[in-house]
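Each remark here refers to the structure printed beneath this line.
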Amino acid sequence: MGKETGVDWWLIRDLFDQNNIRIYSKEEIYKLRRDRDFPFLYDLHFNQGVTIKELYKNLGHTPEYVRRIFKENGFEPIKRNQHGIIRPKNEE
């Protein structure tokens, strides 16, 4: 941010501290984004039957990203074939 504004980074940090503005790390920002996306992706996948592959094609969320969100929230993605039929666990 300092390069874009021409202001030294420590002055910007002091300004944030003085105004009680929290500076988030990249990991925290990514976690907040995953928490924000979870309810929407959960609804699409578990309630509306959208496959992980379709989520990727339509929304651009990679399968790894979607699986990680579900795993962090205690869910395992549903295995479906291209016709939306749920496959039993032993057919993986």
- Answer yes or no as to whether ILE85 is open to solvent by 50 Å² or more (accessible area, probe 1.4 Å) and at pLDDT below 90. yes
- Query: Hey, which of the helices (runs of 4 or more DSSP H) in segment 7-80, taking only ones fully inside, have at least 2 residues that are surrounded by 15 or more Cβ atoms within 10 Å (Cβ to Cβ)?
  - Reply: 26-42, 52-59, 63-72
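The values are calculated or read from the model by the stated rules, or taken from the named source; none is laboratory data. All figures in this text were calculated on a predicted structure; none of them were measured in a lab. Quick reminder, even Gly has a Cβ in these numbers, built from the backbone with ideal geometry, and neighbours come from all protein chains shown. Each accessible area value is taken on the protein alone, full model and side chains, heavy atoms only, with ligands, DNA and RNA left out. Shrake-Rupley method; radii C 1.70, N 1.55, O 1.52, S 1.80 Å.
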